[in-house]
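Asker: Before I ask anything, let me first share the structure, which is written out below as structure tokens.
The values are calculated or read from the model by the stated rules, or taken from the named source; none is laboratory data. Quick caveat: nothing in here was measured; it's all calculated off a predicted structure. Positions of Cβ are generated from backbone atoms using ideal geometry, with glycine treated the same way; all protein chains shown enter the neighbour counts.
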Amino acid sequence: MIFRRAAAASLLCALACPPAGAVIILDSTYKAEGYKAAEALAAEPQFAAVFAFCYEDGTGCGGASGTWIGNDDSHGYILTAAHNFGDGFVADSWVYRSKAGRIYTGQAVAVHPNYLRIVAENEANEAKLGFDVAIVTLTEPVTDAGEQPLLYTGSEELGETLTFVGYGSRGAAGAGENEKEPAGEVAAAAQGVIESVEPLKLSAAGAADGNYMQVWLPKEDGSVENVLGGELTTPVSKYAGLLGSGDSGGSAWLETPNGWAIAGTNGNGSGNAQYGDLSGFPRISGHIDWITGVFPGARVE
């Protein structure tokens, strides 16, 4: 997810932003461990539901991500980003690989209607970030993705630590995303403090806007300005990072009193995913009615 860097705390791009990718990590963590820490965090059991999207022949698994959110009697359901289905992509344009390595096939995809409306009006409009969500119906139930995840329904994201997981390209924050780094085979995760929360709102004409969260990546020595205006000047942990390319549609999690819950999907970001850049996430709490309308069996708080 890559936002064009804004000089002020004004946050969303005026023009279209590139889609999100896999995690970018701190230079210090990369120097000490490479991607081992990011991969170990993603491998924790609470994130077992995260899927890689691959091309029809099973290759290209670093292109997009998603998360299984449950089954009915005949199908599994994958929460992901709407922009993964642009350019004529439909449900079976991808195949869906679980962390355990099993390949599933898509039958249908539901894209949030507000995303479709905004794109139809103006494809470059960043108001679509908060609605960049879709649900893929699989041809069969998922049997190897751990416990059905909980969806976050609260409104207390601001100041919390967000953990985001995906399969895309990687890099260290000094240089940003590096297409030569491995992607697609093993999930990676990173963290950031949620410093901006935009609530869901409606215009006088009834058009929806808002409904997203943002994190930024500070430098280890505190020398990078926080463009979101918050006070945090150093990384939240050794896992601090950003989204790069191919994480789009993966999940962003909060640890709540009821357990780990999906609070957002990986949406987009700024610059080349370097120190001081941003990552943005649609808020799941604004989409609970739509999600349960598509898949009534979703697990909510």
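Asker: Picking from GLY70, GLY130, which residue would you name as being touching a residue at least 40 places away in the same chain (Cβ under 8 Å), part of a helix (DSSP H, G or I), more than 27 Å from LYS180 (Cα to Cα) and not polar (S, T, N, Q)?
Answerer: Of GLY70, GLY130, the one residue that is touching a residue at least 40 places away in the same chain (Cβ under 8 Å), part of a helix (DSSP H, G or I), more than 27 Å from LYS180 (Cα to Cα) and not polar (S, T, N, Q) is GLY130.
Asker: Having 2 or more residues that are within 23 Å of ALA208 (Cα to Cα) is the bar; report the strands (runs of 3 or more DSSP E) wholly within segment 229-301 that clear it.
Answerer: Because the criterion is at least 2 residues that are within 23 Å of ALA208 (Cα to Cα), the strands (runs of 3 or more DSSP E) in segment 229-301 that meet it are 251-256, 259-265, 278-282.
Asker: Can you name every residue in segment 73-118 that is touching a strand residue (DSSP E or B) at 6+ places or on another chain (Cβ under 7 Å), in a loop (DSSP other than H, G, I, E, B) and among the charged types (D, E, K, R)?
Answerer: Residue satisfying the conditions is LYS99 alone.
Asker: Which residue, of SER98, SER74, is hydroxyl-bearing (Ser, Thr, Tyr), crowded, with 20+ Cβ neighbours inside 10 Å and modelled with pLDDT of 95 or more?
Answerer: Within the list SER98, SER74, the selection yields SER98.
Asker: Select from segment 168-177 the residues that are surrounded by 16 or more Cβ atoms within 10 Å (Cβ to Cβ) and not hydroxyl-bearing (Ser, Thr, Tyr) and write down the one among them that is nearest to the chain's Cα centre (by Cα).
Answerer: GLY168
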